[in-house]
1. Over the range 4-292, calculate the relative contact order: mean separation of alpha carbon pairs under 8 Å at least 6 apart, over the residue count, as a percent.
2. In a shell of Cβ-Cβ distance under 14 Å around M142, excluding M142 itself, what net charge do Lys and Arg (+1) and Asp and Glu (-1) give?
3. Going by amide H atoms built from the backbone, whose H comes under 5 Å of the H on E262, apart from near neighbours?
4. Determine, from the Cβ-Cβ distance of R60 and R118 and an R0 of 30 Å, the FRET efficiency 1/(1 + (r/R0)^6), rounded to the nearest 0.05.
5. With helices defined as uninterrupted DSSP H runs, which ones in the chain have an alpha carbon span along their own long axis of at least 15 Å and mean Kyte-Doolittle hydropathy of at least 0.0?
6. According to a simple spin-label model (label point 7 Å from Cα along Cα-to-Cβ), what is the distance in nm between I148 and L70?
7. Would you calculate the convex hull of the Cα atoms in the chain and tell me its volume per residue in Å³?
8. What value, in deg cm²/dmol to 500, does the helix sum -39500 (n - 2.57) over DSSP H runs of n ≥ 4 give at 222 nm once divided by the residues of the chain?
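The numbers here are math on the coordinates, done by the rules we state, and not lab data. Predicted model only: the values in this text are computed from it and were never measured. Neighbour counts run over all protein chains shown; Cβ positions are idealised from the backbone, glycine included.
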Amino acid sequence: MPDWRSMILGFLFVLAWSSAFTSARIVVADAPPFLALSFRFLISGVIALAIGLAAGQRIRLTKSQWIGVLVFGFCQNALYLGLNFEAMQTIEAGLASIIASMLPLIVAALGRAFFGERLTPLAMAGLVIGFSGVVYIMQARMGASADIYGLSLCLIGVLALSIATLLVRGVSVGGNLWMVVGLQMLVGSFALFPVSVALETWEINWTWPLFWAFLYTTLIPGVAATMIWFILVGRIGAVPAATFHFLNPFLGVFIAFLILGEPITLTDFIGVVIIMIGILAVQLSKRHGNRAV
């Protein structure tokens, strides 16, 4: 079992990850989403590279590491987060966090369907339970006239990140963690900037909420969460660390309620609990599978 320091680190990570949707919702209310995200990645990337240089790291990457940088930089930062920022102009932050929390479920399902990965009965049950919770919430939200465009963007984004996760499995960052992270962020920045130039009108409503939300999303989900995640993985391993993701649906919805006043219906609550059970089952099955090996 994780020690209490690891429990705190795990909670801080999922808290930072889950809060990113609320801060993003605040940012896109006053600034073009692709432009804001491009500059967020630029700043976060420069900070990560500076940390790496200060730690003695250099940009000397293997071929597989460069592939990981390009694939994850484009799929996670440009596609996944770019589409989520765009979507949160029309859908609630809590709903976006629920869709994003499907990541471990989709990765497990795609791994089984296309890579022939064996799933334990517990994992299969987790997939069925988790996706049932998502469908339960979606049918209620669709009845409440949730924006189809925004929902579609979130779904495409999480699917893109799931595929990228499967494609770059096993790629090690070696001793160049901050270099890899920083370069991934710069890839996202450079990919999104021309999209912003082509599609967006650069009208920014300069407000204090925009300033603080942008600063927060740049430093906390952007840089601090990355650092916490790798510290956590170093302490307890990747599979036990990933178990903390089961908290994401609840925290994402709760933070949006607390900060933005987004309503939480009984359907939302029941659906979130179902999703959490499904994610936890999938992650625990991986943990037990690793022990068996």
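1. 43 percent
2. Taking every other residue near M142 into account, the sum is -2.
3. HN-HN under 5 Å from E262: F257.
4. Computed FRET efficiency for R60 and R118 comes out at 0.25.
5. Membrane-span-like by this rule: 4-28, 33-54, 103-115, 121-143, 148-167, 177-199, 208-219, 225-236, 248-260, 266-292.
6. Here the answer is 3.7 nm between the modelled labels.
7. Each residue corresponds to 137 Å³ of Cα convex hull volume.
8. -24500 deg cm²/dmol
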